[in-house]
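A short write-up of the structure that comes next.
The values are calculated or read from the model by the stated rules, or taken from the named source; none is laboratory data. No experiment lies behind these values; they were computed from the predicted model shown. Here the Cβ is made from the backbone with ideal geometry for all residues, glycine too, and neighbour counts use every protein chain on show. Note: areas computed on protein heavy atoms with side chains; ligands, DNA, RNA excluded. Shrake-Rupley method; radii C 1.70, N 1.55, O 1.52, S 1.80 Å.
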Amino acid sequence: MNPNSNSKSIVVYSTVWCPDCKRAKKFFGEQRVPYINIDIEQDAEAMAFVEKVNNGKHIIPTIVFPDGSMLVEPSNAQLAEKLGLQTKAQRTFYDAIVIGSGPAGLTAALYMAREGIETLVIEKASVGGQVGITQTLDNFPGFDEGISGAEFAERLARQAKRFGAEILQAQEVTDISADGPYLCIRTGDGAEYGTKAVLLSTGARYRKLNVPGEDDLIGTNIHFCATCDGAFYKGKKVLVLGGGNSGFEEGLFLTKFATQVDIVHSSPEVTASQILQTKVAEQPNMTVTVNHAVKAFKGKNKLEAVVVEDRATGESKEWHYDGVFVFVGLSPNSDLVKSKVEIDKNSFVVTDKTLMTSLPG
């Protein structure tokens, strides 16, 4: 019997070291799909369940859905199909193809579709991009009481679809190439789509620290999305890296779960807006430490310590937290076109006055 058979949520049976488990959980996080994670190495009943349904084998991830169905070691394509996401387009040629479905991509799509331009939007994660995992938008014109990022993203998607734009999710563009007067777009499932014009709205990704131990713990105790992973730290102590608006906003959100949320910033002064600094200062379970740089993380399958340097004295310290959330800036998602169009020294795509790249179309 499934020990969580009465759950109304997706249940992921996993371990902390399993790469396929990390991939599946990342997929659910990107799609903003809530799930319950159970570490079978810490739960004998869950271990027995996994063995039973897999004929005595420890095959993970084993994922149980609310309808009682199950997927074992599923690919992202299988997960997308199970969630009912559209990953294949209805046609093979479009007037315009938008790569990326953040606010910029969806806004462009709805404007084009409204003018009768056949438009396809391709998104490798979930519709809305990073705005979709933002807790609250307080400064967007027209929403005087604020709006959740997820709802804002859903509204934009519905608006684009209303005018006829087609949107693919969980589908990654792997190549763009010239094909006579047209452009050819290839996706991860091997499909090809022709178009007259491509709009790059691929946005940016959270920047890593690139310090020792970071890669080993990403997805386990090091995270880049409080909305996705904050709930795993109920009653625990977390550290937020970054003294900008993102660090302060996400830190405030994490207080919904964690009993202690501390912020560390490598420079002598934080850069978050004054209103956010005031909100953080009012929280009894938040502290801010400046002029301290994280130099390494200790621990293989679990975070054991954060190695920090006091930049004023050079003193090295070890801090102990259950989890770390990193918000130290963004890097442009330009890898797709780096070898095809002009790129500047910071990896941003260079355009002319009409916002066209060095590759026509």
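If you project the alpha carbons of segment 183-279 onto their three principal axes, what span does each projection cover, largest first, in Å?
Largest first, segment 183-279 extends 51, 30, 28 Å along its Cα principal axes.
How many angstrom separate the Cα center of segment 76-101 from the Cα center of segment 27-75?
Taking the Cα centre of segment 27-75 as reference, the centre of segment 76-101 is 26 Å away.
Okay, helix-only estimate at 222 nm for the chain: each DSSP H run of n ≥ 4 adds -39500 (n - 2.57), divide by all residues, round to 500 deg cm²/dmol; what do you get? Working shown, then result.
Numbers: 9 runs with 81 residues, N = 361.
My calculation for the chain gives -6500 deg cm²/dmol from helical runs alone.
Could you state the per residue volume, in Å³, of the convex hull enclosing the Cα atoms of the chain?
Values: hull volume 61.8 nm³, N = 361.
Cα convex hull per residue, to the nearest whole number: 171 Å³.
Over segment 146-294, what relative contact order in percent results from Cα pairs under 8 Å that are six or more residues apart?
Working: 175 pairs, mean separation 20.1, N = 149.
Normalised by residue count, the contact order of segment 146-294 is 14 percent.
Which whole-number percent gives the relative contact order of segment 141-233, counting Cα pairs below 8 Å spaced six or more residues apart?
12
Divide the volume of the convex hull of the Cα atoms of segment 209-361 by its number of residues and quote the answer in cubic angstrom per residue. Display every interim value, and only then the final one.
Values: hull volume 23.9 nm³, N = 153.
Once divided by residue count, the hull of segment 209-361 is 156 Å³.
Packing-wise, with mean Cβ within 10 Å as the measure, how do 49-62, 132-145, 113-126, 88-101 rank, highest first? Show your work: numbers first, answer last.
Numbers: 49-62: 16.1, 132-145: 13.8, 113-126: 20.7, 88-101: 18.7.
Highest mean packing first, the order is 113-126, 88-101, 49-62, 132-145.
What length, rounded to one decimal in nm, is gained on full extension from ASN245 through to ARG91, with 0.36 nm per residue of separation minus their alpha-carbon distance? Don't skip to the answer; put the middle values down first.
Working: separation 154, 0.36 × 154 = 55.44 nm, distance 4.18 nm.
So the chain would gain 51.3 nm between ASN245 and ARG91.
Can you give me the % of accessible surface on segment 1-94 that is carbon or sulfur? Probe 1.4 Å, all protein chains present, nothing else counted. Spell out each step's value before the answer.
Numbers: 2600 of 5130 Å².
Ligands and nucleic acids excluded, carbon and sulfur give 51 percent.
So what is the accessible area of the chain per residue, in Å², with the probe set to 1.4 Å? Each step should come with its number before you reach the end.
Working: 18510 Å² over 361 residues.
Ligands and nucleic acids excluded, the result is 51 Å² per residue.
Can you list the equivalent-ellipsoid semi-axes of segment 1-104, largest first and in whole Å, using the square root of 5 times each Cα gyration tensor eigenvalue?
Working: eigenvalues 199, 36, 32 Å².
Square roots of five times the eigenvalues give 32, 13, 13 Å.
Can you flag which of LYS8/LYS256; LYS26/LYS317; LYS124/LYS338 are past 26 Å Cα-Cα? Show your work: numbers first, answer last.
Working: LYS8/LYS256 22 Å; LYS26/LYS317 31 Å; LYS124/LYS338 18 Å.
Among LYS8/LYS256; LYS26/LYS317; LYS124/LYS338, the Cα-Cα distance tops 26 Å for LYS26/LYS317.
Quick check: pseudo-label points 7 Å beyond the Cα along Cα→Cβ at LYS279 and LYS345, how many nm apart are they?
3.6
Under 1.5 on a/c is rounded, so check that first for segment 273-361, then, if it is not, pick prolate when a/b is larger than b/c and oblate when it is not; a ≥ b ≥ c are the square roots of the alpha carbon gyration tensor eigenvalues. Working shown, then result.
Working: a/c = 2.88, a/b = 1.96, b/c = 1.47.
Taking the square roots of the gyration eigenvalues as a ≥ b ≥ c, segment 273-361 is prolate.
Would you kindly calculate the translational diffusion coefficient of segment 63-186, applying Stokes-Einstein with the Kirkwood radius from alpha carbon pairs, for 4 °C and a viscosity of 1.567 mPa s, and quote it in µm² s⁻¹ without decimals? Intermediate values should be presented prior to the final figure.
On the way: Rh = 15.9 Å.
Stokes-Einstein gives a translational diffusion coefficient of 81 µm²/s.
Hey, in the chain, which Cys have no second cysteine's beta-carbon closer than 4.7 Å?
If one checks each Cβ against the other cysteines of the chain, CYS184 turn up with nothing under 4.7 Å.
How far is the Cα center of segment 250-293 from the Cα center of segment 135-159, in Å?
Computed from Cα coordinates, the inter-centre distance equals 24 Å.
Pop a pseudo-label 7 angstrom from the Cα along the beta-carbon direction at both LEU83 and ALA296 and give the gap in nm to one decimal.
3.7
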